[in-house]
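Here, each number is a calculation from the coordinates, and none is a lab measurement. This structure is a prediction, so every number in the text was calculated from the model and none was measured. So basically every Cβ, Gly included, is an ideal-geometry build from the backbone, and we count neighbours across all protein chains shown.
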Amino acid sequence: MLRTITLGTCVSIQGQFEAALADGRISVRVGDRIYTGRPVSAPTPKAA
């Protein structure tokens, strides 16, 4: 499953989900590299 994470305030990375860590961060794989950061949450739908 594809997931998006943020590193710092400006960098976003999208990759294949690898693992969920106890502190709330997740790891994603891009090619042969694994990045760990805060998951980007889905936007909440607006009420009509």
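So here's what we get for this one:
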item	result
Overall Cα dimensions of the chain - principal axes, largest extent first, Å	43, 22, 21
DSSP-loop trypsin sites (Lys or Arg not before Pro) across the chain, with at most 10 other Cβ within 10 angstrom	46
Nitroxide proxy distance, nm - points 7 Å out along Cα→Cβ at residue 29 and residue 7	1.8 nm
Extension gain (nm, one decimal) between residue 38 and residue 20, 0.36 nm per residue minus Cα-Cα	5.5 nm
Mean Cα-pair separation over length for the chain, i.e. relative contact order, pairs under 8 Å, 6 or more apart, %	33 percent
Net charge over other residues, Cβ less than 12 angstrom from the Cβ of residue 27 (K, R count +1; D, E count -1)	+3
